[in-house]
Amino acid sequence: MPLTVAGRTDAGVHAMGQVASVELDPVPEALPPRLNDLLPDEIVVWSAEAAPDGFDARRDARSRVYRYRVHTAPMPSPFERGRALFWPHRLDRDALDACAAALAGSHDFTAFTPTETSHQRFERDVLRAEWIAEPLEPPHPGELLELWIEADSFMRHMVRILVGTMLEVGGGRRPIEDFTRLLDGASRRGAGPTAQAHGLYLAAVRY
C-alpha cells in the first residue's frame with residue numbers, strides 16, 4: 001500500500017507535525033497503538049482519522065510550518081545537543097527581526113536552495129515569519145531563539161539557508177539590505193551557509 005507524507009526532510013531534521021495518507025480497507029481499530037508497536041522508537045503515530053476520498057497528504061496541503069531553534073549562549077547545553085544549533089557569537093535581535101519581516105509575501109527564493117535542483121518554480125508565498133525568544137531554565141545558560149516560518153511550500157534546504165544568512169546579518173557580517181536583495185531571485189552563491197539540519201523541525205501542516 002503506497003504511503004504519502006506531507007513533507008520530505010533532510011537527514012537530521014526533526015518532524016513534530018508530519019502527516020501521512022494511506023488507503024486502508026477496512027480501517028483497523030486502534031490503529032496508532034498497533035502501528036507504534038511496529039515502528040522504531042524515533043517514530044510515533046499520535047492519531048489517525050478517516051479522510052475524504054482521494055485525500056493526499058502532500059498535494060492537498062495548503063501550507064507548512066517549520067521552526068528552526070538556535071541556542072545562544074557562551075557554553076553549550078547537553079540537553080540541546082542535536083536539537084538546536086549552538087551559537088556562542090553575538091547576535092543583533094533587531095537585525096534578525098528585520099530579516100523575518102522582509103520574508104512576508106511572495107518572493108523568488110532561488111538564492112536559498114542548492115544550485116543543482118529539480119525545482120521548476122522558485123517563487124514561494126510566506127504567510128508568517130518571526131523570531132521568538134525562549135529563556136532557558138537555570139542553571140542552563142543563554143536562551144533559545146526560534147524562527148517560525150509558514151509558507152505555501154518550501155524548497156530543499158530553504159529554511160536552513162535562510163537561517164544561515166540571517167545569522168550573518170545578526171552577527172554584523174552582512175547588512176539587512178543585502179538580505180532583502182537576495183529575495184529577488186539572486187543566485188545561490190550570494191546567500192549564506194546552510195545551517196545544520198538538527199535545528200530544523202517540521203512543526204505543522206495546514207489543510
Antiparallel DSSP bridges in the chain: what percent, to the nearest 5? 85 percent
Quick one: putting +1 on the C-beta of Lys and Arg, -1 on the C-beta of Asp and Glu, what dipole do you get for segment 1-79 around its Cα centre, in Debye to the nearest 20? 580 debye
Over the chain, what is the relative contact order in whole percent, taking alpha-carbon pairs under 8 Å and six or more residues apart? 31 percent
What are the ³J(HN,Hα) couplings of segment 57-66, residue after residue, when phi is run through the Karplus curve with 6.51, -1.76, 1.60 and θ = phi - 60°? Round to Hz, x for glycine and proline. 4, 8, 6, 8, 5, 8, 6, 10, 10, 10
Report, to the nearest 10°, how far helix 93-103 tilts away from the longest principal axis of the Cα atoms in the chain, using its own Cα long axis and a range of 0 to 90°. 60 degrees
At most 10 other Cβ atoms within 10 Å and a DSSP loop assignment: could you name the GluC sites (Glu not before Pro) in segment 107-144 that fit? E116
Pop out the ³J(HN,Hα) list for segment 176-193 in order, Karplus 6.51 cos²θ - 1.76 cosθ + 1.60 with θ = phi - 60°, rounded to Hz; leave Gly and Pro as x. 4, 4, 5, 5, 5, 5, 5, 7, 9, x, 5, 7, 4, 5, x, 8, x, x
Among Q120, P76, P139, which residue has its Cα furthest toward the positive end of the charge dipole of segment 63-206, with +1 on Lys/Arg Cβ and -1 on Asp/Glu Cβ? Q120
Run through segment 37-129 and list the trypsin sites (Lys or Arg not before Pro) located in a DSSP loop whose Cβ has at most 12 other Cβ atoms within 10 Å. R59, R62, R81, R90, R121
Using alpha-carbon coordinates, inclination of helix 158-170 to the longest axis of the chain, degrees: 20 degrees
Going highest first, how would you order 37-47, 173-183 by mean Cβ packing within 10 Å? 173-183, 37-47
Contact order relative to length of segment 1-120, as percent, for alpha carbon pairs under 8 angstrom and 6 or more apart: 18 percent
Would you please calculate the Kirkwood hydrodynamic radius of segment 1-96 over all C-alpha pairs and express it in Å, rounded to one decimal? 16.7 Å
Quarter of the surface of the C-alpha convex hull for the chain, i.e. direction-averaged projected area in nm², equals 13.2 nm²
Which value, in debye to the nearest 20, describes the size of the charge dipole of the chain about its Cα centre when Lys and Arg Cβ atoms bear +1, Asp and Glu Cβ atoms bear -1, and nothing else is charged? 660 debye
Each residue of segment 120-137 in turn: what ³J(HN,Hα) in whole Hz from Karplus with 6.51, -1.76, 1.60 and θ = phi - 60°, glycine and Pro shown as x? 9, 10, 10, 7, 9, 9, 8, 8, 7, 7, 7, 9, 10, 9, 9, x, 8, 6
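Throughout, read-outs are computed from the coordinates displayed, never taken from laboratory work. Everything numeric here is computed off the predicted structure, so don't read it as measured data. Note that each Cβ is placed from the backbone with ideal geometry, even for glycine, and that neighbours are counted across all protein chains shown.
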